[in-house]
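One structure below.
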Amino acid sequence: MHKILGITCSHRHLGNSDVLLKEALMEAKKDCPDIEYLRLSDMVIKPCRGCLKCVYKGTCAILDDDFGVLWEKLKSADGLIIAAPTYLFSPPGIVKMVVDRCLTISKDLDSIAGRTRVAATINVAGNRKWNYLGVEILNLLPLAYGYEVIDYLEAYAPGPGEVLLNPENVNGARRLGARVAKALHGAVEHRQVADGQCPACYSKTFRFGPAGIVECCTCGIKGSLTAIKENWQLGFSREEIAYHFWTLQHRRNHLNGWVIPTRDVYLKKREEIKKLLPRYREIK
Ligand SMILES: Cc1cc2nc3c(=O)[nH]c(=O)nc-3n(C[C@H](O)[C@H](O)[C@H](O)COP(=O)(O)O)c2cc1C
């Protein structure tokens, strides 16, 4: 039987993210009875130490927090609906802390490969004017844990629960819940990509390079920016979209072609680096 995990990343009980997540889960439950609700702020998640023990030894060095429990839940869930507020233009730090721990799952990539794993995200901010990276950073979490993002909802209201006063928000949350549940029964339907949006991850944030090259800041795909009359048009090849940074195939290649070899490259330079370090030990 399929399972859908709902994660709220706001500390507020029955705050805006929380109620929209619950609305989505209630709708999802109609098609997929096995749902689980989780509050990220009730878990202890420590920051990644950057030791890469997970890559070289297959286990995370941090054993005294709840990351292992969280990953077991994410590993077994086929559907994920995750909701977070915007704090200072992007989701709260706990979201990024979970994203940062994702190298830990390198050894488990095979266990999630070949399965339909879909996600939808809900981002609530106080005001549309100050939400530059809400969806972008929030979408990183499902992508980092092997889900395909098929839909998202952006909602706006400052006070807790205030988001419910706009029926579009409630209907949007229901759409997300239904879409995730239906996808798990084989009817995968993606939200339509709007102009100016990344076709792989729905980001609206791009880096501009020379000769009209654009790069998505959430999933790394490269494309072109062309002026058509008074408008700009983004274009991406099918190959780029199918091989974005978070695809399992790209992740395996990134791990074997970059992350793992950095160790030997570093070891060769270690004596040279050691000579440069003593002066930095003076400041404690
Ligand atoms: C510390 C803090 C920072 C915030 N920063 C922003 C912001 O940058 N942009 C914005 O539109 N709203 C911002 N807000 C407003 C929240 O996004 C808004 O109240 C949201 O509805 C909270 O969702 P919640 O009820 O799920 O916690 C901020 C709120 C707090 C507490």
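Residues that are within 24 Å of C216 (Cβ to Cβ) and surrounded by fewer than 22 Cβ atoms within 10 Å (Cβ to Cβ): does region 56-72 have at least one?
For region 56-72, residues within 24 Å of C216 (Cβ to Cβ) and surrounded by fewer than 22 Cβ atoms within 10 Å (Cβ to Cβ): absent.
List the number of the failed condition for C216; all other conditions in (1) touching a strand residue (DSSP E or B) at 6+ places or on another chain (Cβ under 9 Å); (2) of a type outside the set (G, A, S); (3) modelled with pLDDT under 95 hold.
C216 satisfies every listed condition except (3).
Checking F245 against (1) open to solvent by 80 Å² or more (accessible area, probe 1.4 Å); (2) touching a Cys at 6+ places or on another chain (Cβ under 8 Å), which test does it fail?
(1)
Residues in region 174-195: is at least one assigned to a helix (DSSP H, G or I) and either within 16 Å of the ligand (Cβ to nearest atom) or at pLDDT below 95 (or both)?
Taking every residue of region 174-195 in turn, at least one turns out to be assigned to a helix (DSSP H, G or I) and either within 16 Å of the ligand (Cβ to nearest atom) or at pLDDT below 95 (or both).
Output the residues belonging to region 108-123 that are touching a Ser or Thr at 6+ places or on another chain (Cβ under 7 Å) and either of a type outside the set (V, I, T) or surrounded by fewer than 19 Cβ atoms within 10 Å (Cβ to Cβ) (or both).
Matches in region 108-123: N123 only.
Tell me, yes or no, whether region 112-119 has at least one residue that is under 15 Å from A84 (Cβ atoms) and more than 12 Å from the ligand (Cβ to nearest atom).
yes
Can you name every residue in region 77-98 that is open to solvent by 10 Å² or more (accessible area, probe 1.4 Å), closer than 18 Å to R39 by Cβ and outside any loop (DSSP other than H, G, I, E, B)?
P85, Y87, G93, I94, K96, M97
Against the condition surrounded by 12 or more Cβ atoms within 10 Å (Cβ to Cβ) and among the aliphatic types (A, V, I, L, M), how does L234 come out, does it pass?
In short, yes.
Being of a type in the set (G, A, S), within 12 Å of the ligand (Cβ to nearest atom), open to solvent by less than 40 Å² (accessible area, probe 1.4 Å) and part of a loop (DSSP other than H, G, I, E, B) is the filter here; which residues of region 124-165 pass it?
A157, G159, G161
The values are calculated or read from the model by the stated rules, or taken from the named source; none is laboratory data. Fair warning: this is a prediction, and the values are worked out from it, not measured in the lab. Here Cβ is always computed from backbone atoms with ideal geometry, including for glycine, and neighbour counts include all displayed protein chains. Heads up: the accessible areas ignore ligands, DNA and RNA and are worked out on the full protein's heavy atoms, side chains in. Shrake-Rupley method; radii C 1.70, N 1.55, O 1.52, S 1.80 Å.
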